[in-house]
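Notes for the one structure printed next.
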Amino acid sequence: MADASTQNTTERDGNRPALTVVAGPTAVGKGTVVKYLVEHYPQVYLSISATTRSPRVGEVDGRSYHFITRDDFDRRIERGDFLEWATVHRKHKYGTLRGPIEQALRQGRPALLEIDLEGARQVRTQMPGAQFVFIAPPSWDELVARLRGRGSESEEQMRTRLETARIEMAAKDEFDHVLVNDEVEDTAQALASVMGLT
Ligand code: 5GP
């Protein structure tokens with residue numbers, strides 16, 4: 001459970017949720033939207049997740065993710081370091097470290113998490129004051145095209161990702177806001193508005 005200091009800081013400016021959780025299917029462009037948002041609104045604290053997957057080309061440890069071993073991840077689960085964690089695409093573990101988020105919230109900074117559906121559900125139980133934003137593709141076909149266009153996944157990985165995407169799409173009504181990602185800038189501005197940054 002979140003401790004009292006966390007619960008007291010889940011609202012900002014009286015009513016704006018201080019913590020915003022963004023989720024949505026693979027390849028929808030959530031990463032790009034979030035990147036645009038933090039570049040334009042540097043007051044936002046963007047959580048850097050821990051993961052057991054290996055870095056992709058261009059990814060930097062401590063910036064894209066904290067790339068850690070399975071053993072380290074499991075130790076941190078036992079220690080209760082994670083606000084939430086999940087096995088994503090049936091393969092690697094990803095988790096949000098509790099400490100930096102709580103610190104940002106104590107400092108009054110709006111905080112943003114970009115995580116999967118399972119993780120978002122865990123945050124909802126732990127932080128009832130948070131708000132949840134689903135980034136949706138303009139259409140299913142467009143999502144498939146974006147995933148293929150990325151070209152970083154094998155056919156099998158793509159099948160697993162699309163299977164997860166179907167499950168995630170079916171859960172979009174659980175979210176407080178659904179933003180269709182047509183143009184990155186527009187979606188990022190809509191997210192900024194939902195977060196009370198504009
Ligand atoms: P990728 O491996 O492509 O960077 O990310 C795969 C998926 O993991 C994305 O859908 C992303 O939302 C999810 N993810 C990234 N960080 C976290 C996290 O800290 N917790 C959870 N539950 N999911 C995460």
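Every number here is computed from the coordinates shown, using simple stated rules; none is lab data. Fair warning: this is a prediction, and the values are worked out from it, not measured in the lab. Note that each Cβ is placed from the backbone with ideal geometry, even for glycine, and that neighbours are counted across all protein chains shown.
Quick look at the values:
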| quantity | calculated |
| --- | --- |
| Computed [θ] at 222 nm, deg cm²/dmol, the chain (DSSP H ≥ 4; -39,500 (n - 2.57); rounded to nearest 500) | -12500 deg cm²/dmol |
| Per-residue ³J(HN,Hα) for region 120-137, Karplus 6.51 cos²θ - 1.76 cosθ + 1.60, θ = phi - 60°, Hz, x for Gly and Pro | 4, 5, 5, 5, 4, 5, 7, 10, x, x, 6, 10, 10, 10, 9, 9, 10, x |
| Within the chain, percent of DSSP bridges classed antiparallel, to nearest 5 | 35 |
| Burial ranking of peptide ranges 51-58, 123-130 (average Cβ count within 10 Å, highest at the top) | 123-130, 51-58 |
| Virtual spin-label span in nm between Arg106 and Arg166, 7 Å along Cα→Cβ | 4.6 |
| Value of D in µm² per second that Stokes-Einstein yields for region 69-108, Kirkwood Rh from Cα pairs, at 37 °C (0.692 mPa s) | 300 |
| Computed over region 21-129, Kirkwood Rh from alpha-carbon pairs, angstrom | 14.5 |
| Relative contact order for region 8-105, counting Cα pairs under 8 Å that sit 6 or more residues apart, in percent | 25 |
| Theoretical FRET efficiency, 1/(1+(r/R0)^6), r = Cβ-Cβ of Gln43 and Glu183, R0 25 Å, to 0.05 | 0.60 |
| Two-site label geometry, Val60 and Arg150: point separation in nm, points 7 Å out along Cα→Cβ | 2.2 |
| Anchor Lys93: aspartates and glutamates whose Cα lies under 13 Å away (excluding residues fewer than 8 positions away in-chain) | Asp71, Asp72, Asp74, Glu84, Asp116, Glu118 |
| Label point 7 Å beyond Cα of Gln126 along Cβ direction - residues of region 19-35 with amide nitrogen under 18 Å | 19-24 |
| Cut-off under 5 Å, modelled amide H: who pairs with Ala18 long-range | Glu11, Arg12 |
| Assigned charges on the beta-carbon of Lys, Arg, Asp, Glu; the chain dipole about Cα centre (debye) | 400 |
| Percentage, to the nearest whole number, of Cα pairs in the chain over 28 Å apart | 23 |
